[in-house]
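Written below as structure tokens is the structure these notes are about.
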Amino acid sequence: MRPALAKHAVSVIALSKDTVDEVAIHKQRDGLTLTLLADPELEVIRQYGVEHHKVLGFSTGSLMLGGIPLGPGGPSFKTMAIPTSLLVDEDGRIVWIDQADDYRLRSSNGRVLGAVETAFSSES
């Protein structure tokens, strides 16, 4: 999508709840060239209202039995970001938002490009 986005001077910025070190590993491992920001305390994620509280997580250092954590460090709910695609204009206003019900899915190229074309059609 890079050429189509560049036509409208749209930059892609990804925000993750990972730490700075985890983000660096992810960028290198996957060969990402986009800007990938770390938000481990979910400060920006909360400002956009895309915090999700119902993810089952496991504490590190738990006693494990057959791959299932037991004891005081066992399963618990943790917070994370709801996978969301936002188109934000130069004034910081959200002009388009897309969220999937399935945390494994992201917006399709067609949906993103359609939103960009619609948002900038009057400027072309």
Q: Go through the residues of segment 95-109 one by one and say whether even a single one is loosely packed, with under 10 Cβ neighbours inside 10 Å, at pLDDT 70 or above, out of contact with any Asp or Glu (no Cβ under 9 Å at 6 or more places or on another chain) and within 30 Å of A9 (Cβ to Cβ).
A: no
Q: Take the residues in segment 19-45 that are under 21 Å from V88 (Cβ atoms) and assigned to a helix (DSSP H, G or I), then tell me which one is modelled with the lowest pLDDT.
A: I45
Q. Could we say that S16 is modelled with pLDDT under 75, of a type in the set (G, A, S) and surrounded by 13 or more Cβ atoms within 10 Å (Cβ to Cβ) here?
A. no
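If a residue has to be of a type in the set (G, A, S), in contact with a helix residue (DSSP H, G or I) (Cβ under 8 Å, 6 or more places away or on another chain) and in a strand (DSSP E or B) to count, how many in segment 1-18 make the cut?
1
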**Q.** Positions within segment 100-120 being polar (S, T, N, Q), within 11 Å of M1 (Cβ to Cβ) and assigned to a helix (DSSP H, G or I), in sequence order
**A.** N109
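Out of G74, G66, G92, I need the residue that is in contact with a strand residue (DSSP E or B) (Cβ under 9 Å, 6 or more places away or on another chain), at pLDDT below 90 and small (G, A, S). Which one?
Values: G66 fails: in contact with a strand residue (DSSP E or B) (Cβ under 9 Å, 6 or more places away or on another chain); G92 fails: in contact with a strand residue (DSSP E or B) (Cβ under 9 Å, 6 or more places away or on another chain).
Only one candidate qualifies: G74.
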Q: Name every residue in segment 46-61 that is modelled with pLDDT of 65 or more, surrounded by 13 or more Cβ atoms within 10 Å (Cβ to Cβ) and in a loop (DSSP other than H, G, I, E, B), in order of residue number.
A: Y48, V50
Q. How do the pairs read when you match residues in segment 70-90 that are under 24 Å from A115 (Cβ atoms) with residues anywhere that are modelled with pLDDT under 75 and of a type in the set (F, W, Y), using Cβ under 6 Å and keeping only pairs 6 or more apart or on different chains?
A. P83/Y103
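The values are calculated or read from the model by the stated rules, or taken from the named source; none is laboratory data. Remember, predicted model here, so these are calculated numbers, not experimental data. For neighbour counting, all protein chains shown are included, and Cβ atoms are generated from backbone atoms with ideal geometry for every residue, glycine included.
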